[in-house]
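Notes follow once the structure below has been shown.
Values in this text are rule-based calculations from the coordinates and carry no lab data. Note that the coordinates shown come from a computational prediction; the quantities given were computed from them, not determined experimentally. Cβ sites come from the backbone with ideal geometry, for glycine too, and all protein chains shown count toward neighbours.
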Amino acid sequence: MTRALIILASFVVILAGIKAASSLVVPFLLAIFLAIVLAPPFVAMQKRGIPNSVVLVVMVIGLGTFGVLAVTVMKSSLDQFTSSLPAYEIDLRNKLEALFATLAGYGIEMPKGLITDSLDPQSAMKYAGNLARALSVLIGQSFIILIIVIFMLMEATVLERKLHAIPNIRKETIAALEQNFLDVRRYVSLKSVMSLLTGFLVGIWLWWMDVDNILFMAVLAFFLNFVPNIGSIIAAIPGVLLAFIQFGPSTAAIVAGGYIVINVGISNAIEPRFMGRGLGISPLVIIISLIFWGWLIGPVGMLLSVPLTMAMKILLEQDEKTRYIATFLGPRPEEKTNSD
């Protein structure tokens, strides 16, 4: 009993420390997963005999160029949306009032305080301001993240030798760690590609429907596609509301249908074909991990909730005393997950 209390207290202290240091933990986690994705091309160039200095220069230029473009796109799209937000707020109120008046004509009465209670301009502006501040922090940390990624990539070349040099480590443990690392890398890489495809298709669909702020909506769809189960639903709300503001309920319904086709098509048809039938994690655990990591380190934790939980499951599987916890995190015992 005393041992269990000590372990629980230590766990609480660790969580409190991570939460208090989230501003330091977040860029480090982002750097880790960027390094995981970029490790294969980095090692491949080295194996081709390209000098390390040349490889580093190529990676720095590539990462720097991509980072500048990504930050520029995000900042431009967010600024455009934020500047239009007050006008959207007014238009949305007017549209909803007209819609409720039409429904009242058919005998459908809506609560009179619904508009004022559910649409608070100050809350909307506060939310946009929080997004702008989060983006500013990300821009300020991008250089630090780049430096950490470069050093992690340099370390990746000798990581395998270091694993084999650990005293008394079993070959089975090394093989399991390497396979699990490949699983995490495969998930992060393929999910990034699927999210890019989702953002691109959403942007094309909204452009075809002549909806405003398509760049912001596409970026939003890209990032929220990393959030399991509810991310795609949240990403669709602003686009549908803008279509409602601009064109009315019928066009909003069509736009919503487009979101459904894109997200269902990618998540149910394309993703399973490339990513396998499962992630080795229980669906309930995915939802809990989404809430837990989001609470612990903020929005980035929600984006990285699945790979973080996969990494935690990997660590728990390596010790016989904690392996039962990893079993609870996994799917039902009779289910098998596809992996390459």
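Pop the C-beta distance of Ile270 and Trp208 into the FRET formula with R0 = 30 Å and round what comes out to the nearest 0.05. Calculated value: 0.90. Here Ala21 and Ser84 are evaluated by their C-beta separation; at R0 = 35 Å the FRET efficiency comes out at 0.45. Between Ile260 and Lys47, the contour length at 0.36 nm per residue exceeds the Cα-Cα span by 72.3 nm. Potential lengthening of the chain between Ile291 and Arg170 amounts to 40.0 nm, from the contour at 0.36 nm per residue minus the alpha-carbon distance. The phi torsions of the range 34-44, fed into the Karplus equation with coefficients 6.51, -1.76 and 1.60 and a -60° offset, translate into couplings of 5, 5, 4, 5, 8, 4, x, x, 5, 5, 4 Hz, rounded to whole numbers, with Gly and Pro shown as x. For the range 169-340, the Cα-based Rg and Dmax, in that order, read 18.5, 65 Å. Rounded if a/c is under 1.5, else prolate if a/b beats b/c, else oblate: with a ≥ b ≥ c from the C-alpha gyration tensor eigenvalues square-rooted, which is the range 45-105? It comes out prolate by the Cα gyration axes. Taking the alpha carbon gyration tensor of the range 183-234, multiplying each eigenvalue by 5 and rooting it gives semi-axes of 23, 11, 7 Å, largest first. Applying 1/(1 + (r/R0)^6) with R0 = 45 Å to the Cβ-Cβ distance of Ser76 and Leu315 gives a FRET efficiency near 0.70. Computed extension gain for Phe11 through Glu178, at 0.36 nm per residue and net of the alpha carbon distance, reaches 57.5 nm.
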